[in-house]
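Down below is the structure, laid out as structure tokens.
The values are calculated or read from the model by the stated rules, or taken from the named source; none is laboratory data. Everything numeric here is computed off the predicted structure, so don't read it as measured data. Cβ placement follows ideal geometry from the backbone for every residue including glycine, while neighbour counts extend to all protein chains displayed.
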């Protein structure tokens, strides 16, 4: 395996990767530097802007490794046009997010925060607690990528009927029992509706006013995907009606007034962005990050962004 | 279908069954009474004591229907010896309890109570949250009855390796990938260990001191079954060590000092008894209760206790 001459690290620091991961990266280059140097042939970045100008400032550059799933901050089209390979880390948090999706659904169904509180206060009666089951319900999934597939599999194990809409059909999950339907049908018939779409321009606002008005009374709407997918004004109006529950975990990516608007309703549950925080996801993310670099050096580039 | 002359209801009242269920029961007898009458030929009970003397006080008695899973309060052996059929309601809360088991596991893994709290307080950073996944872990199940089977199926969908011990092996779940092992092995190798045994005399204290000492560091021990299965002194000592987490939901059936002893530890999570409270379980329970009576009248008695 060939090596890089100089790896330039930008947008993150020593502490963002474990020491054993840095050790592996150091083996892949003569030098790893954290200060700008024009002769780097490998650039590692995270959420920082890598634009034309920056790319042009590194004439030796062959490879950009992004320590994230999102690639919107890197002008990868320009990089590609100059023969530079760009790789990201898709899917490292698949299991973490799929498990989190069921964690927050079940927490809501069973009213666990209150249950823990009353038990801590010495009330062991169980009075006033009721719940519904996932089993037998219609579980709608919008977006059947990696996470959507895992959520579908787990929902079916719970005994739910899974219906989905996605930009492309997934035979694998249909063979297991998931049913493809129109977006409108999935939205309007679901007892549980979970979004698992990436944020891309043409999907913004895809859950529009008409669809939000069509949501079933008593249903639970879960969004661990970007909030740009949803018409927030329509969502707020529906929450005001009080006959749906909305659970989300990306208040950090919204403007604060929107968060306040939604979370004033009792039937809106807000979490911090912790869907992807498992130790396993952290390890997998770093493994893929290093494997991407190694694969490029072996001329078998992986997880290319183009 | 024949009818009963008189149905005597004891140990519960009008409010314990829905009105449409009472309507069905009234069709199964000339009369339904709530005050003792010696000429009843059908007795409905719940948690109340039905002993020899009470059985002898009803010389026409042919059938006892228990509105519960537990039958320990009814002297069913004596009843059977007099040709009286006794039926109970096993399994009505299977799904409810299986879903609850994952609800409380995931709540713990993701620290959801705290997460909801910090988000309500406006902290959307996610700082300080970490978690582990169910996927890839060893999930031990003690007791492979109805609930154990459902917990096993769901655990496998989450990607766990399921090992189990039960008084009898269950081929059905082994065919799906669960592995039968000795009780000691299941206890000592599990990252998650969940008890799903009924309370019967010979199983009391089955999770003994030696087994509790063998629990893996960092593991999560869940008990939604009776606490009599566990040596509580050994459990308290292990909680004091701080390297396991224990989650349970039947503080109501324990003496208060034992609850206090366990729940003083941060790594002990206590819930009220809400595993079985779903609306679906309530409906199913009542359906089985009525079906048991009808089946007896059709000479096809169901769910007999003997």
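For the reader, a short list of remarks on this structure follows.
- Taken together, the residues in the stretch A:137-163 that are within 7 Å of another protein chain (Cβ to nearest Cβ) and either at pLDDT below 95 or in contact with a strand residue (DSSP E or B) (Cβ under 9 Å, 6 or more places away or on another chain) (or both) amount to 2.
- Residue in the stretch A:190-208 that is in a loop (DSSP other than H, G, I, E, B) and farther than 30 Å from residue A:73 by Cβ present: yes
- Count of residues meeting criterion [within 11 Å of chain A (Cβ to nearest Cβ) and farther than 27 Å from residue B:47 by Cα] in the stretch B:238-263: 1
- On the stretch given as the stretch B:264-276, residues that are facing chain A (nearest Cβ under 8 Å) and touching a residue at least 24 places away in the same chain (Cβ under 8 Å) total 4.
- Screening residue A:85 with (1) more than 30 Å from residue B:159 (Cβ to Cβ); (2) crowded, with 19+ Cβ neighbours inside 10 Å; (3) at the interface with chain B (Cβ under 7 Å from one of its Cβ atoms) gives one miss only, at (3).
- The stretch B:251-266 - residue that is part of a loop (DSSP other than H, G, I, E, B) and either out of contact with any helix residue (DSSP H, G or I) (no Cβ under 6 Å at 6 or more places or on another chain) or not assigned by TED's automatic domain parsing to the domain that holds residue B:218 (or both) and, of those, surrounded by the fewest Cβ atoms within 10 Å (Cβ to Cβ): B:266
- Among the residues of the stretch A:219-237, those identified as away from every other protein chain (no Cβ under 14 Å) and assigned to a loop (DSSP other than H, G, I, E, B) are A:219, A:225, A:226, A:231.
- Qualifying residues in the stretch A:119-134 (those that are surrounded by 15 or more Cβ atoms within 10 Å (Cβ to Cβ) and over 23 Å from residue A:105 (Cβ atoms)) - the one nearest to the other protein chains (Cβ to nearest Cβ): A:124
- Number of residues in the stretch B:89-118 that are more than 8 Å from chain A (Cβ to nearest Cβ), crowded, with 19+ Cβ neighbours inside 10 Å and closer than 23 Å to residue A:280 by Cα: the value is 3.
- Inside the stretch A:90-128, residues that are in contact (Cβ under 8 Å) with a residue 24 or more places away in the chain, closer than 23 Å to residue A:270 by Cα and assigned to a loop (DSSP other than H, G, I, E, B) make up a count of 1.
Quick grid of which residues meet (1) touching a strand residue (DSSP E or B) at 6+ places or on another chain (Cβ under 9 Å); (2) part of a loop (DSSP other than H, G, I, E, B); (3) closer than 24 Å to residue B:286 by Cβ; (4) modelled with pLDDT of 95 or more:
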| position | (1), (2), (3), (4) |
| --- | --- |
| B:53 | no, no, no, yes |
| B:61 | yes, yes, yes, yes |
| B:65 | yes, no, yes, yes |
| B:69 | no, yes, yes, no |
| B:79 | yes, no, yes, yes |
| B:83 | no, yes, no, yes |
